[in-house]
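Asks: Before anything else, here's the structure in question.
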Amino acid sequence: MGEAQELADTTPGVVPSISGLARGVDRLCLGLCIAGGLVLVAALTVTMLNILARLCASLDIGISPFTGDGELMEAACAIAIFAFLPWCQLNNGHVTVDLFVSRLGMRAGLFISLLSDLGMAAAASFIAWRLVVNMLEKYQYGETTMLLQLPIWQIYLAASVGSVCFVLACCVTFGRNFAALARAMSRTRDGLCA
């Protein structure tokens with residue numbers, strides 16, 4: 001889909017407000033991805049330090065490990081996954097099987113991309129909706145993690161931000177592919193490409 005993406009990104013005259021919105025979503029998703037990476041690195045650092053503390057405790061050095069590093073890692077992974085999904089969507093980073101689609105041509109490939117963007121947007125919207133509903137329930141009941149007593153709603157809140165950005169990213173990729181398909185169709189009408 002490289003040619004199609006190029007067609008969507010480089011053709012002048014794409015509705016300026018939409019392309020400006022797409023740039024804003026791009027920046028937001030990149031920032032979220034970087035933040036997710038930092039959360040994951042912090043969780044890995046805590047886990048590594050706790051492993052070293054366990055080693056020190058076994059050697060009677062006087063440093064003891066703390067409980068709950070597994071809870072921190074679990075929360076960090078959930079937050080990071082939802083932070084990475086929007087950036088992955090914007091960069092067509094999801095796993096695809098192009099054996100069949102590559103034989104169909106650019107317009108058919110763009111149409112299939114539109115359908116997959118719609119499906120991904122529907123799935124992302126459902127996930128975002130359920131995360132927000134569950135976050136509100138966790139907040140209402142004051143549910144916490146077992147060992148560290150961290151409020152679970154805060155983890156859901158962070159994941160919800162990522163899932164809403166994922167929905168926005170799906171809308172942007174749909175818009176880009178729709179614009180590319182429209183340009184490909186107009187070029188065909190004008191006799192510029194087959």
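Asks: Residue under question is residue 186, and the condition is that it be surrounded by 14 or more Cβ atoms within 10 Å (Cβ to Cβ) and part of a helix (DSSP H, G or I); does it hold?
Replies: No.
Asks: Given the options 136, 85, 104, 110, name the one that is in contact (Cβ under 8 Å) with a residue 24 or more places away in the chain and more than 17 Å from residue 169 (Cβ to Cβ).
Replies: Answer to the selection: 110.
For (1) at pLDDT 95 or above; (2) in contact with a strand residue (DSSP E or B) (Cβ under 7 Å, 6 or more places away or on another chain); (3) among the small types (Gly, Ala, Ser), each residue gets a yes or a no:
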site	(1), (2), (3)
116	no, no, yes
125	yes, no, yes
134	yes, no, no
158	yes, no, yes
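Asks: Scan segment 172-183 and give yes if some residue there is hydrophobic (A, V, I, L, M, F, W, C), at pLDDT below 90 and exposed (fewer than 15 other Cβ atoms within 10 Å of the Cβ), otherwise no.
Replies: No - not one qualifying residue is present in segment 172-183.
Asks: Would you point out the residue of segment 70-102, among those that are under 30 Å from residue 146 (Cβ atoms) and β-branched (Val, Ile, Thr), that is surrounded by the fewest Cβ atoms within 10 Å (Cβ to Cβ)?
Replies: 81
Asks: Further question on the same structure: Quick one: is residue 105 within 24 Å of residue 182 (Cβ to Cβ), exposed (fewer than 15 other Cβ atoms within 10 Å of the Cβ) and modelled with pLDDT of 85 or more?
Replies: no
The values are calculated or read from the model by the stated rules, or taken from the named source; none is laboratory data. Worth saying up front: this structure is predicted, and the values here are computed from it rather than measured. Ideal geometry is used to build each Cβ from the backbone, glycine not excepted, and the neighbour counts take in all protein chains shown.
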